[in-house]
Amino acid sequence: MIHYLNRDEKGDFLPNNNPETTSSDWIHISQANEEDILHLAHTYHFPVDYLTGAFDADEISRYEKLGKQYDNTPGLIVLLYPLKTKSRLNLTEYVTRPLSIIMAEDTLITATHDTPEFLKSFMQVDDDKLNNFKTADQFVLKASMHIASLFITYLKEINQSTDDLEVQLQSSSKSQYLFDLMELQKSLVFIDTALKSNHPVIDRLKELEDFTANPIDDELLRDVMVENRQAEVMASQTYRLLNQLSSTFSSVISNNLNTVVKFLTSITFIFTIPTLIGSLWGMNVPVPFEDSPFGFWILLFGTVILLAVTAYWMKKNEFF
C-alpha cells in the first residue's frame, strides 16, 4: 500500500488525491508489491534495494550516500525499530523491523512492512505540532527519537516482566515460566542487536552538517544520542539480569526436584519399617508374643513407637 501525502499551509500532511499529476512531499510504502517498488525506484532514481530492504526482517541498520557530495542523489537511512507482537506460543515478544528513509531532492520516501504507530502520528493532523517537520533531516531526527524512546519503553516492560517472574519463581517452578523467560531472552537479543546496529548510523548523523547546522536540530540530535545510549545501557543491564535469573531458575527447579525426591525417599523409608516387622512376624517360625492374647496390640504399639522415633530423627536431621 502506498500513501501519497502533501503538506498544507499549516504544515500538516494531507492525502494527495492525484499522485499521477501532482508531486508528493511524502510517500510512505507498506506491504508494496514488486511493481510499485520498481516504479518508485525508476521515478526517483535510486536502487531497488533501498526499498526491498524495508521488507526484509533480517535487514540491518545502514546508510548510503549521505553528505554534500551526494546532493543530486537520493540518500538512504535504514533504522531498526521495536515491535510488540505475539509468538507462536501466544506469548508476548518483542521483535525489530527495518524502516527505510529515502531522502530524494524534494520528496521524502519511507518504507516499512507494517506502518508503526509513531509513523502514523506523523501523518495525522497535529494541533500541537509535536511531530511536524520541515525537512527530511528533521524527520530522520524525530523518527530516531521516537524509535529510541520506544526501545526504552519496551525495555521497561521487559524489566517489569522480569520482576514479576522473579516473584513467581519464589513459589512455583511451572514450565510456563520457563517459556516466558525464553521469550524475554529472545526479545532482548533482538533489541540489543538492533540498538548496536542503529548506533553507527546515529553517530554518522553528527558528522553531517545538514543535521547539526540548525541549533534546534543539533540539540535534537544530541537528545537522540543520549536516548539511544540509555537504551543500550538498559538492554545490556537487562540482558545480564535475565541471564542471572535463568541460572537462578534452573537452580530453583533443581533444588525443588531434589526436595521432592528426598521427601518421597524419606516417606518410603519410614513405611518400610512396618512392612519389615509384619514380614518377620508373619513367618512360620516361633516369634515373640505369639501366645499372648495382646500380642497384636503390643506389636502394633511397638511399631508405632518405632515409626515415631524414626520420623523424629529424620526430621531433626532435615531429611524432610
Give the residue that is modelled with the lowest pLDDT, with candidates limited to residues of region 102-116 that are open to solvent by less than 20 Å² (accessible area, probe 1.4 Å) and under 24 Å from the mean Cα position of the chain (by Cα). Pro116
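Inside region 18-60, can you point out the residues that are part of a loop (DSSP other than H, G, I, E, B) and either small (Gly, Ala, Ser) or under 31 Å from the mean Cα position of the chain (by Cα) (or both)? Show your work before the answer.
Restricting attention to region 18-60, the residues satisfying the condition of being part of a loop (DSSP other than H, G, I, E, B) are 18-25, 31-33, 45-48, 56-60.
Residues satisfying the conditions are Ser23, Ser24, Gln31, Ala32, Asn33, Val48, Asp56, Ala57, Asp58, Glu59, Ile60.
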Does region 68-76 contain any residue that is over 19 Å from Phe211 (Cα atoms) and touching an Asp or Glu at 6+ places or on another chain (Cβ under 7 Å)? no
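Picking from Glu227, Glu232, Glu207, Glu183, which residue would you name as being within 23 Å of Pro98 (Cα to Cα) and not in a helix (DSSP H, G or I)? Outline the logic, then answer.
Details: Glu227 fails: not in a helix (DSSP H, G or I); Glu232 fails: not in a helix (DSSP H, G or I); Glu183 fails: not in a helix (DSSP H, G or I).
After ruling out the rest, the residue left standing is Glu207.
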Give the residue that is modelled with the lowest pLDDT, with candidates limited to residues of region 23-37 that are over 21 Å from Asp137 (Cβ atoms) and open to solvent by less than 60 Å² (accessible area, probe 1.4 Å). Ala32
How do the pairs read when you match residues in region 40-69 that are in contact (Cβ under 8 Å) with a residue 12 or more places away in the chain with residues anywhere that are in a helix (DSSP H, G or I), using Cβ under 6 Å and keeping only pairs 6 or more apart or on different chains? Leu51/Ile37; Glu59/Gly53; Ile60/Ser197; Ser61/Ser197; Ser61/Asn198; Ser61/Val201; Tyr63/Val201; Tyr63/Arg204
I'd like to know if region 53-65 contains one or more residues that are surrounded by fewer than 19 Cβ atoms within 10 Å (Cβ to Cβ) and at pLDDT below 85. no
State the number of residues belonging to region 87-101 that are surrounded by fewer than 20 Cβ atoms within 10 Å (Cβ to Cβ) and either more than 21 Å from Ser197 (Cα to Cα) or over 16 Å from the mean Cα position of the chain (by Cα) (or both). 6
Kindly indicate whether any position in region 185-198 is over 26 Å from Arg62 (Cβ atoms) and not hydroxyl-bearing (Ser, Thr, Tyr). yes
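The values are calculated or read from the model by the stated rules, or taken from the named source; none is laboratory data. Remember, it's a predicted structure, so these values are computed and weren't measured experimentally. As a convention, Cβ positions derive from the backbone with ideal geometry for all residues, glycine included, and neighbour counts pool all protein chains shown. These area figures cover heavy atoms from the full protein model, side chains too; ligands, DNA and RNA do not enter into them. Shrake-Rupley method; radii C 1.70, N 1.55, O 1.52, S 1.80 Å.
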